[in-house]
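Everything below concerns the one structure shown next.
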Amino acid sequence: MELYKGKYFEVVFQDWCQEFPGACIISGYKEKLSDMEKEEWIELGEIEKELERVCNKVFNSTMYNLACLMNNAYRDGEKPHVHFWFVPRYKDEVKLFNKVYKDKHFGFNFWKWSNSRFRRQKDIFTQEERKELFEMMKKEFSL
């Protein structure tokens, strides 16, 4: 679900999984980070700052991880492109849709879980609830 489309990047809300409420992919068009021009870095910074503001206001997130993980393209035989995973993190429990969300891995890097004792945490939201999370962010997003 597209949250934003700019000149160089688009923000895709992860409607397939909200393991971390507000998680999005910031997707660009360049093949490598070193191909990015100054204007692209500026737009990326503006997007990241706005996502932080939105997630703080809507979900009361504590902090944020921003990661550029492009390895899968090589593994899957696809052409790589610059994209970032924006992952809000939560020190405290968050109440949404009469459910309590707990970031059980707060304080740990999220990409290590599949090969560690931590394992992924379950997405507690239904498809309809994920759509509502998107709408909450879309309403607040103002770039």
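The values are calculated or read from the model by the stated rules, or taken from the named source; none is laboratory data. Bear in mind the structure is a predicted one, so any value in this text is a computation, not a measurement. Positions of Cβ are generated from backbone atoms using ideal geometry, with glycine treated the same way; all protein chains shown enter the neighbour counts.
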Restricting to the range 18-48, what's the tally of residues that are under 14 Å from the mean Cα position of the chain (by Cα), β-branched (V, I, T) and part of a helix (DSSP H, G or I)? 1
Which listed residue, of F86, F97, is over 10 Å from E19 (Cα atoms), modelled with pLDDT of 90 or more and in contact with a Cys (Cβ under 7 Å, 6 or more places away or on another chain): F86
Search result, residues across the range 27-58 that are out of contact with any Asp or Glu (no Cβ under 7 Å at 6 or more places or on another chain), among the hydrophobic types (A, V, I, L, M, F, W, C) and touching a residue at least 40 places away in the same chain (Cβ under 8 Å): L33, M36, L44, I47, L51, C55
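Select from the range 7-17 the residues that are part of a loop (DSSP other than H, G, I, E, B) and modelled with pLDDT of 95 or more and write down the one among them that is surrounded by the fewest Cβ atoms within 10 Å (Cβ to Cβ). Lay out the reasoning, then the answer.
Quick first cut of the range 7-17, residues part of a loop (DSSP other than H, G, I, E, B) only: 7-9, 14-17.
Right, trim to modelled with pLDDT of 95 or more and you get 7-9.
Numbers: K7: 8, Y8: 20, F9: 23.
For the range 7-17, the residue satisfying everything is K7.
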For the range 22-35, check the following and say yes or no: at least one residue is in contact with a Cys (Cβ under 8 Å, 6 or more places away or on another chain) and on the phi > 0 side of the Ramachandran plot. yes
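Somewhere in the range 102-113, is a residue modelled with pLDDT under 80, among the polar types (S, T, N, Q) and touching a strand residue (DSSP E or B) at 6+ places or on another chain (Cβ under 8 Å)? Steps first, answer last, please.
From the range 102-113, those modelled with pLDDT under 80 are 108-113; that's our starting set.
From the residues that got through so far, the ones that are among the polar types (S, T, N, Q) too are 109.
Remaining after also requiring touching a strand residue (DSSP E or B) at 6+ places or on another chain (Cβ under 8 Å): 109.
Within the range 102-113, one or more residues are modelled with pLDDT under 80, among the polar types (S, T, N, Q) and touching a strand residue (DSSP E or B) at 6+ places or on another chain (Cβ under 8 Å).
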Restricted to the range 52-104 and to residues being among the acidic types (D, E) and surrounded by fewer than 19 Cβ atoms within 10 Å (Cβ to Cβ), the residue nearest to F141 (Cα to Cα) is E52
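Of the residues that sit in the range 63-94 and are touching a residue at least 60 places away in the same chain (Cβ under 8 Å) and under 14 Å from C24 (Cβ atoms), which one is farthest from the chain's Cα centre (by Cα)? Quick ask: steps written out before the conclusion?
First pass over the range 63-94, keeping only residues touching a residue at least 60 places away in the same chain (Cβ under 8 Å): 85-90, 94.
Of the ones still in play, those that are also under 14 Å from C24 (Cβ atoms) are 85-89.
Details: W85: 5, F86: 3, V87: 4, P88: 7, R89: 10 Å.
Across the range 63-94, the extreme among qualifying residues is R89.
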